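This report refers to the structure that appears directly beneath it.
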Amino acid sequence: MTSTLRNLAIRRRNRVRSKLRRVAKNSRPRLSVFRSGRHIYAQVIDDIAGATLAAASSKDKEFREFRQPDKEKSKCDSKCEK
């Protein structure tokens, strides 16, 4: 049973890699996005060079500063609820 599961995994990996090779022939970078339960990650990848051109994450410091809630608004909300 494990050998069949391994064969299926190998076939799946080869299928994905063949699709990526087709995209790489266009010499256009691809965008890879991963969403977890709490964060999101994005990368722009050049498959020909095998390098990441740019990367961003919701864990980045710039993003956290941008997404900080307005402190005055949160104070008002706590006072208004009472």
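The numbers here are math on the coordinates, done by the rules we state, and not lab data. Note that this is a predicted model, so its numbers are computed, not measured. FYI the Cβ positions are ideal-geometry reconstructions off the backbone, even for glycines, and counts take in every protein chain you see.
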### Query
What does the charge add up to near Thr4, with Lys and Arg as +1, Asp and Glu as -1, over the other residues with Cβ less than 14 Å from its Cβ?
+3
#### Entry: Label-point separation, Arg13 to Arg28 (7 Å along Cα→Cβ), nm
2.9 nm
